[in-house]
1. Counting Lys and Arg as +1 and Asp and Glu as -1, what is the net charge of the other residues whose Cβ lies under 12 Å from the Cβ of Lys39?
2. Identify all aspartates and glutamates with a Cα-Cα distance to Lys74 below 14 Å; exclude those on the same chain that are fewer than 8 residues away in sequence.
3. Compute the length gained on full extension between Lys8 and Ile86: take 0.36 nm times their separation in residues and subtract their Cα-Cα distance, giving the result in nm to one decimal.
4. Test of understanding: express the Cα radius of gyration of the range 40-97 as a ratio to 2.2 N^0.38 Å, with N the residue count.
Amino acid sequence: MEIINIEKRAFETMIARFEILFEKTQTLCNLHSRKSVNKWYDNQDVCLILRISPRKLQTLRDNGTLPYTQINRKLFYKIEDVQNLIVKQPVSLQSLFETK
C-alpha cells in the first residue's frame, strides 16, 4: 500500500474544486431531467399504426414525408411525426381494402 502526503492547503483546495464540480453536475442534471423524453416508434409500430407495408414505409422515408432517426441499423420515428402524417395524409380507398 502506498501512502501519499499532501499539504492541508492543497487538500482543502482539492475538496473545494470537487464541491464546485459536484454543484455544476447537479445543475446540469436538473436542467436535463426537466426536459420531456420523446417517445419513439420503430418500423413495426409505424407499419401497424398506418396499416402499410415496410416497402411503403421505405418510400415515405425516401421522399421525406416521414422524418426518422437511425441509431446503428435501427430506425425510429417520433410519435408527433407519425401523428402529423396521419392528419396531413387523407386515407386512400386502397388502404381501406388492403388485407394483411
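1. After counting each charged neighbour, the total is -3.
2. Lys74 reaches Asp42, Asp45.
3. My answer for the length gained is 21.4 nm.
4. 1.07
All of the numbers you see were taken from the coordinates with simple rules; none came from a lab. All values derive from a computational prediction rather than experimental measurement. For neighbour counting, all protein chains shown are included, and Cβ atoms are generated from backbone atoms with ideal geometry for every residue, glycine included.
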